[in-house]
Amino acid sequence: MIMFMSEGCCGRHKHTHAQAGTEEKHMMGRVSRTGQQFSGRFLRERITSSRTNKTAQQSESSRLVCVRNCTANMATSEEMVLYYDEVSPPVRSVLMTIAALGLKDRVKLEYIDLFGVEHLKEYFLKVNPLHTIPVLRHGDLTLTDSHAILMYLCDTFAPAGHDLAIPDTLTRAKVFNRLCFNNGFLFQREAAVLTKVFRREITDPSTHLKPIEETIDALEIYLKESRYTALDHLSVADFSIVATVSTLSFLIPITADRWPRVHEWFEEMQTVPWYAENRVGLEKLRGIFNKLTKA
Ligand SMILES: N[C@@H](CCC(=O)N[C@@H](CS)C(=O)NCC(=O)O)C(=O)O
């Protein structure tokens with residue numbers, strides 16, 4: 001968890017979701033560096049061509065689509081509320097997913113000012129006693145972890161054939177495994193260092209970077225095994241991991257000579273239209289980080 005302190009930070013953060021929406025519109029339909037058009041049709045074609053064992057997957061897929069539809073029927077009429085502050089990497093992964101699934105109009109955003117220590121206020125502790133964001137509320141359901149939220153959104157709202165749909169148990173296992181990598185290693189190690197900076201315990205993080213570098217080494221290996229972090233096409237694992245990697249790039253530049261595959265993937269992720277949702281909070285956090293690390 002990144003612990004946020006109040007000193008000097010109150011009132012700095014204003015709601016900028018509308019700004020993110022403008023950027024997203026601007027980027028929609030953009031062509032990636034590899035010449036790929038990020039349209040819904042393109043995504044469907046790409047996922048279809050990557051399927052190898054179609055028949056087995058289809059029967060598993062229809063079972064899961066049925067489960068998903070039942071969930072969707074129960075839940076889609078309820079309002080969704082996301083407690084957020086876009087400086088948070090896990091929040092940004094959820095914002096990218098909401099945009100990619102076309103859910104922006106359906107999610108009410110409740111701003112929790114982390115640097116204003118709003119997450120420790122009594123009313124928010126009733127929402128999440130562990131005082132972290134993001135939190136997603138959907139009807140009676142309250143999810144207090146970004147990785148659980150990402151899986152839930154995919155299961156409930158990704159139509160069959162969408163890149164973010166999770167059609168079978170093998171795909172689920174791969175995506176979930178990378179989400180666990182982010183939750184247990186990448187984000188934790190990055191957060192441990194950033195917390196020291198935001199608590200003003202250190203101004204020079206350079207001697208604290210080894211554990212983070214080790215996780216980027218692991219990511220380099222994973223990205224040699226598949227085109228994206230979990231699969232050969234985009235998944236929510238990429239949103240989760242890119243939110244963390246873009247933030248840790250304040251601390252460690254992701255260079256092509258040191259981590260060629262991570263560098264290539266990170267460059268490509270920045271061309272994905274929904275990455276616009278990551279930029280706003282990332283730049284806000286970078287501003288705060290730069291102030292606290294300047295000697
Ligand atoms: N595993 C959680 C981590 C969430 C987390 O640590 N969020 C930070 C912001 S990046 C937070 O709310 N920190 C406030 C606190 O720990 O009190 C997730 O992925 O949702």
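The values are calculated or read from the model by the stated rules, or taken from the named source; none is laboratory data. Just so it is clear, the model here is predicted, and its values are computed rather than measured. Cβ sites come from the backbone with ideal geometry, for glycine too, and all protein chains shown count toward neighbours.
Here Asp168 fulfils each of the conditions (1) farther than 18 Å from Tyr222 by Cβ; (2) without any contact (Cβ under 8 Å) to a residue 60 or more places away in the chain apart from (2). Taken together, the residues in the range 156-179 that are crowded, with 18+ Cβ neighbours inside 10 Å, of a type outside the set (A, V, I, L, M, F, W, C) and within 16 Å of the ligand (Cβ to nearest atom) amount to 1. So for the range 108-124 (the condition being away from the ligand (no atom under 14 Å from the Cβ), touching a strand residue (DSSP E or B) at 6+ places or on another chain (Cβ under 6 Å) and either more than 23 Å from Ala158 (Cβ to Cβ) or not aliphatic (A, V, I, L, M) (or both)), does at least one residue qualify? Yes: the range 108-124 contains one or more residues that are away from the ligand (no atom under 14 Å from the Cβ), touching a strand residue (DSSP E or B) at 6+ places or on another chain (Cβ under 6 Å) and either more than 23 Å from Ala158 (Cβ to Cβ) or not aliphatic (A, V, I, L, M) (or both).
Here Ile149, Ile133, Ile202 are screened, and the one residue that is aliphatic (A, V, I, L, M) and either in a helix (DSSP H, G or I) or exposed (fewer than 14 other Cβ atoms within 10 Å of the Cβ) (or both) is Ile149.
Determine whether Asp204 is more than 12 Å from the ligand (Cβ to nearest atom) and modelled with pLDDT under 95. Criteria met by Asp204. Hey, does the range 108-120 have a residue that's without any contact (Cβ under 8 Å) to a residue 40 or more places away in the chain, surrounded by fewer than 20 Cβ atoms within 10 Å (Cβ to Cβ) and assigned to a strand (DSSP E or B)? Yes - at least one qualifying residue is present in the range 108-120. Test Phe250 against the stated conditions and say whether it is over 16 Å from Thr97 (Cα atoms), surrounded by fewer than 23 Cβ atoms within 10 Å (Cβ to Cβ), in contact with a Leu (Cβ under 8 Å, 6 or more places away or on another chain) and not charged (D, E, K, R). It is true that Phe250 is over 16 Å from Thr97 (Cα atoms), surrounded by fewer than 23 Cβ atoms within 10 Å (Cβ to Cβ), in contact with a Leu (Cβ under 8 Å, 6 or more places away or on another chain) and not charged (D, E, K, R).
Taking His138 as meeting all but one of (1) crowded, with 20+ Cβ neighbours inside 10 Å; (2) within 14 Å of the ligand (Cβ to nearest atom), write down the number of the exception. Exception for His138: condition (2). If the condition is being more than 12 Å from the ligand (Cβ to nearest atom) and either small (Gly, Ala, Ser) or under 17 Å from Ser93 (Cβ atoms) (or both), then the range 141-155 contributes Tyr152, Leu153, Cys154, Asp155.
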